[in-house]
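To keep things clear, I will list the structure first and then write my remarks on it.
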Amino acid sequence: MTDIIRNYDVDALVKLDMSHHLHPFTDHKGLHGEGGSRIITRADGVYLYDGHGEKIIDGMAGLWCVNVGYGRKELAEAAYRQMLELPYYNTFFKTAHPPSIELAEKVAGKLPANFNRVFFSNSGSEANDTNLRLVHHYWQSAGKPEKVNVISRENAYHGSTVAGAALGGMAPMHKQGGKLIPTIHHVMQPYPFKYALEMDPEEFGLKAAKAVEEKILELGPETVAAFIGEPIQGAGGVIIPPESYWPEIQRICREYDVLLICDEVICGFGRTGNWFGLETFGIEPDLITMAKGLSSGYLPIAASGVSDKVADIIMEKGGEFFHGYTYSGHPAACAVAIANIEIMEREKLVERVREETAPHLARALRRFDDHPLVGETRSRGLLGAIELVQDKATRTRFKPDGKAGGLCRDHFVKRNAIMRACGDVMVMSPPLTITTAEIDALLDVAAEALDATAKDLGVM
Ligand code: PXG
């Protein structure tokens, strides 16, 4: 528990927020119309507290990131000690500092054996920018500069910088930005619930992977540089691919000499019951994107994992990689990330997810299978989803898209619980420290929220 509990003038803060603060992914007209933001003032374990002292169970670990839970003094102390010793120095121009070196070694030790190097940045978006730049640098170093095209999936989320948004497959983001990067292309996502009503899911998994092969052939394999994918698509709605999907993607990338980028921003650091989602699905990537769980969100830090295949060519060829951020490998953020990984190791959080809480969540979600609003529940590790539909048999959605999800999310909020609505999919991604009893408590709220939503929609 935190020692400092301040009292805030919540109403004044809400007004100031509306006057001066622009929020990410927000319709400000709508927000102001509803009276402004909820002010979160502190947190502990899996609970948040708002300015009125309400206790809220956080089924999203912030934004899929607070893996070790809130209130970890050890992480605050790691930052404090590092700031006193060396608050900042850069890692450009032939310098480094102990935390950046120690963290690079620690992260490389968690990655597959053919990954020995990491490049630091400050967010998942930046790490994906870095990976895209590394892809181009690699192919130029390898003497194949014509390999420039990158393939991603529809509804993927890879960040919000220009490269992040272009790599992602979020149609509304693309509409606001025009065609952001013309060498980035999108194919169908491996989303059986949406696309495989009358098809065997494993057969569908192969079909979705084949879409990548078709795109490679359409563009010309000699022009295709990389494929990027999240092991499980998070912000797209916790889309868990059939088992057949990733092995086939792997085969295709090898056959056409296409680099595979595994975006582990959500799946990494224990979320799927392994240190990385690539272990859960048997993926063997060339580049890995990490952020969020790397520091459990206590300070911003992200990293690109670089395989020997990529690093060796770049190093053999030589020449400067004209890329980096002022805060690449920030000492305090690195110190926190090291302490965060140590907590995960000491408390065996990955094992706990795999052996205890993930199987519990999978079982517990089944209670909703017969609910009139629920088309499917699914989970892997501590990523869970509940699909909301108007018609269970045909999987028809309510109109307009997102209405049912929005109503359901609001019923959660009213009950002091957080699950996120991705359109009409309710998703959860709680801290990895959540107990089975806390999972049950969250799902008890889900039961009430689903019933209330069904009533709103005239289904119950
Ligand atoms: N890749 C993946 C797979 C992500 O989920 C990013 C990259 C970008 O990370 P940064 O640190 O630049 O935000 C993400 C981030 C949501 C939501 O509403 C999801 C993310 C970020 C913000 C909101 O589900 N994912």
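Table for the structure above
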{"item": "Among Y327, G124, L197 the positive-end extreme of the charge dipole of the chain (Cβ point charges)", "result": "Y327"}
{"item": "Theoretical ellipticity at 222 nm over the chain - DSSP helices of four or more residues, -39500 (n - 2.57) apiece, nearest 500", "result": "-12000 deg cm²/dmol"}
{"item": "Gain on full stretching of the segment that runs from A441 to E202 - 0.36 nm per residue minus C-alpha separation", "result": "82.7 nm"}
{"item": "Simple Cβ-charge dipole of the range 7-96, Lys/Arg +1 and Asp/Glu -1, about Cα centre, in debye nearest 20", "result": "320 debye"}
{"item": "Rounded accessible area per residue of the range 1-82, 1.4 Å, Å²", "result": "62 Å²"}
{"item": "Solvent-accessible area per residue for the range 371-416 (1.4 angstrom probe, square angstrom)", "result": "43 Å²"}
{"item": "Karplus-derived HN-Hα couplings along the range 315-326 (A = 6.51, B = -1.76, C = 1.60, θ = phi - 60°), whole Hz, x at Gly and Pro", "result": "6, 4, 5, x, x, 6, 8, 7, 7, x, 10, 3"}
{"item": "Relative packing of 23-32, 356-365, 418-427, which averages over residues the other C-beta atoms within 10 Å, highest first", "result": "418-427, 356-365, 23-32"}
{"item": "Calculated from backbone phi, Karplus (6.51, -1.76, 1.60) coupling profile of the range 13-27 in Hz, x at Gly/Pro", "result": "5, 4, 5, 4, 4, 5, 6, 10, 10, 8, 9, x, 6, 9, 8"}
{"item": "Radius 10 Å from Cβ of P431, net charge of other residues (Lys, Arg +1; Asp, Glu -1)", "result": "-2"}
{"item": "Accessible carbon and sulfur surface of the range 52-146 relative to its total accessible area, %, 1.4 Å", "result": "56 percent"}
{"item": "Distance violations [Cα-Cα > 23 Å] among K73/K106; K179/K317; K110/K144", "result": "K179/K317; K110/K144"}
{"item": "Residues whose placed amide H lies under 5 Å from that of H186, excluding near-sequence neighbours", "result": "S152"}
{"item": "Set of aspartates and glutamates with alpha-carbon distance to K94 below 14 Å, sequence-local pairs under 8 removed", "result": "E320"}
{"item": "Potential extension, Y80-K29 segment - 0.36 nm per residue separation minus Cα distance", "result": "14.4 nm"}
{"item": "Positive minus negative residues near V306 (Lys, Arg vs Asp, Glu; Cβ under 11 Å)", "result": "-1"}
{"item": "Pairs from K292/K403; K175/K210; K194/K455; K414/K455; K210/K392; K29/K414 whose Cα-Cα separation, in the structure shown, is over 18 Å", "result": "K292/K403; K175/K210; K194/K455; K210/K392; K29/K414"}
{"item": "Inter-part distance where the range 124-165 and the range 64-109 are each reduced to a Cα centre, Å", "result": "26 Å"}
{"item": "Separation in nanometres of the label points that stand 7 Å from Cα toward Cβ, at V459 and V162", "result": "4.3 nm"}
{"item": "Table column - 3J(HN,Hα) (Hz), the range 359-371, Karplus curve with 6.51, -1.76, 1.60, x for Gly and Pro", "result": "x, 5, 4, 4, 5, 5, 5, 5, 4, 9, 4, 8, 5"}
{"item": "Point-charge dipole on Cβ atoms (K/R +1, D/E -1) for the chain, about Cα centre, debye to 20", "result": "580 debye"}
{"item": "Cβ-based charge dipole, the range 1-74, positive-most Cα from Y49, A12, A61", "result": "A61"}
{"item": "Percent RCO, i.e. relative contact order, over the chain, from Cα pairs under 8 Å lying at least 6 residues apart", "result": "20 percent"}
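The values are calculated or read from the model by the stated rules, or taken from the named source; none is laboratory data. Predicted, not measured: the structure shown is a model, and the values here were computed from it. As a convention, Cβ positions derive from the backbone with ideal geometry for all residues, glycine included, and neighbour counts pool all protein chains shown. The protein model used for the area step is the full one, side chains on, heavy atoms only, and it has no ligands, DNA or RNA in it. Shrake-Rupley method; radii C 1.70, N 1.55, O 1.52, S 1.80 Å.
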